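One structure below.
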Amino acid sequence: MSDDNDDDFRQSEDNRFGGRVRRYARVGASAGKLATRLAVGKVFGGEVDHGRYAADLTAALGGLKGPLMKVAQILSTIPDALPRDYADALAGLQADAPPMGWLFVKRRMRTELGAGWQEKFADFGKDAAAAASLGQVHKATLPDGRDVACKLQYPDMAATVEADLKQLRAAFAIYRRYDSAIDAENIQLELAARLREELDYEREARQMALYGHMLRDEAHVHVPEPVMDLTSRRLLTMTWLQGGKLQAFVDRNPTEAERNQVALNMFRAWYVPFYKYGVIHGDPHLGNYSLRDDLSVNLLDFGCIRVFQPGFVEAVISLYHALRDNDRDRAVAAYESWGFTNLSNELIDVLNIWAGFVYGPLLDDRERKMEESNSVAYGAEVAGKVHAELRRLGGVKPPREFVLVDRAAVGLGSVFLRLDAKVNWYRIFHDLVQDFDVAKLAQNQNEALEKVGLERPE
């Protein structure tokens with residue numbers, strides 16, 4: 001690379017960094033002004049127009065995109081982590097980081113793999129094949145003929161993540177000024193921990209290998225293989241999996257049997273690892289999987305993974321049995337095992353409302369749709385009732401472990417709604433957990449983590 005090209009690269013990098021600093025300054029100022037307006041409105045008893053403030057908040061945070069978009073997607077499915085107007089507005093954010101040009105990509109690849117990096121590939125696509133929240137993907141071919149995906153992290157992402165998390169704290173602080181129904185401290189801590197983990201692509205490669213191990217016997221779920229000698233903390237190389245988008249499948253008007261088969265494959269892709277190994281994929285976003293022609297599922301992204309203590313998974317099943325048998329004491333024990341505290345009788349009743357909504361399809365031994373009453377509108381109605389009751393009772397502090405389990409349940413539920421799937425969820429669930437043994441899960445988990453070289457995360 002010539003000196004002139006090096007100068008161009010440094011200037012481009014400086015411009016990116018300078019632009020990011022200016023955005024952070026604007027966001028901080030905008031969030032501060034918004035918090036002040038909310039506080040003034042509350043103190044003087046005025047009517048707070050949260051729809052307007054949600055738009056202002058989105059305008060303030062929207063320039064950051066990237067990592068914040070992933071956080072917003074998760075928050076939008078956690079009941080009342082933020083007010084509905086705010087969650088809806090944030091969920092509308094899209095990743096729009098400008099793609100790295102070829103000159104920039106070559107420089108970054110040389111940093112990650114060394115000066116002779118191009119010799120490690122038979123072919124390397126100059127244009128990005130896809131965008132991720134923290135980087136972009138290039139399709140390449142190895143000398144042995146394998147097609148691979150190379151996910152290259154955008155520059156300065158560690159600093160970007162920390163700045164975005166700072167603005168997320170500001171958003172939660174705004175919320176706390178007027179509504180105490182949900183204490184979001186643990187939600188914030190969980191999202192911060194998982195997002196920081198996503199910066200480490202070597203860790204993601206090991207998590208990918210973990211999923212390959214856990215799903216090795218699932219014929220209808222496919223996991224790419226990491227190419228470890230072409231992977232670093234900021235570059236992840238994996239085998240390329242061919243597939244199409246879920247919406248394209250829905251748009252071709254598939255039969256009910258086809259839609260049900262995709263739903264079953266998705267269910268097993270998410271819940272075999274959870275109930276057999278205590279691990280969950282915390283981000284069932286549409287961009288994180290694809291469908292093959294035979295309706296099997298490709299899992300594509302393994303940055304947002306949660307490993308649970310075996311006792312937590314046991315409590316998830318125990319709460320199911322408590323709801324099925326109307327066993328209040330068992331439900332209380334399950335909530336306490338999850339980490340809920342100060343459980344009054346009224347608070348237990350409110351938690352049971354939400355649990356009954358989430359577990360509902362699993363309690364009904366017949367073929368049915370995921371939600372039969374009024375789809376999304378009914379879910380919003382239940383969430384609104386739960387929020388109103390929590391606010392009346394002084395609020396609740398969801399445990400950290402709750403965040404991604406709820407995200408997976410609600411996120412997958414929305415996928416099943418989109419598929420209009422009609423299956424016996426009760427039978428599917430019981431087939432998966434009928435031989436559940438917490439000691440066996442602990443053994444499976446320990447062996448799997450050791451096999452791929454993963455330490456138990458925070």
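Remarks
- Within segment 189-212, considering residues that are open to solvent by 40 Å² or more (accessible area, probe 1.4 Å) and not basic (Lys, Arg), the one modelled with the lowest pLDDT: Leu189
- Enumeration of residues in segment 333-347 that are in a loop (DSSP other than H, G, I, E, B), without any contact (Cβ under 8 Å) to a residue 24 or more places away in the chain and either open to solvent by less than 60 Å² (accessible area, probe 1.4 Å) or closer than 26 Å to Ala263 by Cβ (or both): Leu343
- Contact map, segment 431-458: residues that are at negative phi paired with residues that are surrounded by 12 or more Cβ atoms within 10 Å (Cβ to Cβ) and small (Gly, Ala, Ser), Cβ distance under 6 Å, separation 6+ or inter-chain. Pairs shown: Leu441/Gly278; Gln445/Gly278; Val452/Ala209; Glu458/Ala193.
- Scanning segment 153-182 for residues that are outside any helix (DSSP H, G or I), at pLDDT 80 or above and under 21 Å from the mean Cα position of the chain (by Cα) yields Gln153, Tyr154.
- Some residue of segment 390-401 being in contact (Cβ under 8 Å) with a residue 60 or more places away in the chain and under 30 Å from Pro226 (Cβ atoms): yes
- If the condition is being surrounded by 17 or more Cβ atoms within 10 Å (Cβ to Cβ) and not aliphatic (A, V, I, L, M), then segment 439-458 contributes Asn444, Gln445.
- For segment 414-438, the tally of residues that are among the β-branched types (Val, Ile, Thr), open to solvent by 20 Å² or more (accessible area, probe 1.4 Å) and within 11 Å of Ile317 (Cβ to Cβ) stands at 1.
- Of note, Asp364 satisfies the criterion of being surrounded by 13 or more Cβ atoms within 10 Å (Cβ to Cβ), in contact (Cβ under 8 Å) with a residue 24 or more places away in the chain, under 22 Å from Asp327 (Cβ atoms) and of a type in the set (Asp, Glu).
- From the list Tyr211, Tyr201, the lone residue that is closer than 17 Å to Ala132 by Cα, in contact with a strand residue (DSSP E or B) (Cβ under 7 Å, 6 or more places away or on another chain) and of a type in the set (Phe, Trp, Tyr) is Tyr201.
- Looking across Val350, Val386, Val382, Val316, one residue alone is over 16 Å from Ile182 (Cα atoms) and part of a helix (DSSP H, G or I). It is Val316.
- Test: Ala159 is more than 21 Å from Gly282 (Cα to Cα), surrounded by fewer than 19 Cβ atoms within 10 Å (Cβ to Cβ) and out of contact with any Lys or Arg (no Cβ under 7 Å at 6 or more places or on another chain): yes
- Scan of segment 291-304 for residues that are open to solvent by 10 Å² or more (accessible area, probe 1.4 Å) and at negative phi, ordered by number: Leu291, Arg292, Asp293, Asp294, Leu300, Asp301
This table checks each residue for (1) in contact with a helix residue (DSSP H, G or I) (Cβ under 7 Å, 6 or more places away or on another chain); (2) at positive phi; (3) assigned to a helix (DSSP H, G or I).
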| position | (1), (2), (3) |
| --- | --- |
| Glu197 | yes, no, yes |
| Glu202 | no, no, yes |
| Gln242 | no, no, no |
| Asn253 | no, yes, no |
| Asn260 | no, no, yes |
| Ala269 | no, no, yes |
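The values are calculated or read from the model by the stated rules, or taken from the named source; none is laboratory data. Since this is a predicted model, take the numbers as computed values, not measurements. Heads up, the Cβs are rebuilt from the backbone with ideal geometry, glycines too, and the neighbour counts pull from every protein chain shown. Note: accessible area is taken over every heavy atom of the protein model, side chains too, but ligands, DNA and RNA are not part of it. Shrake-Rupley method; radii C 1.70, N 1.55, O 1.52, S 1.80 Å.
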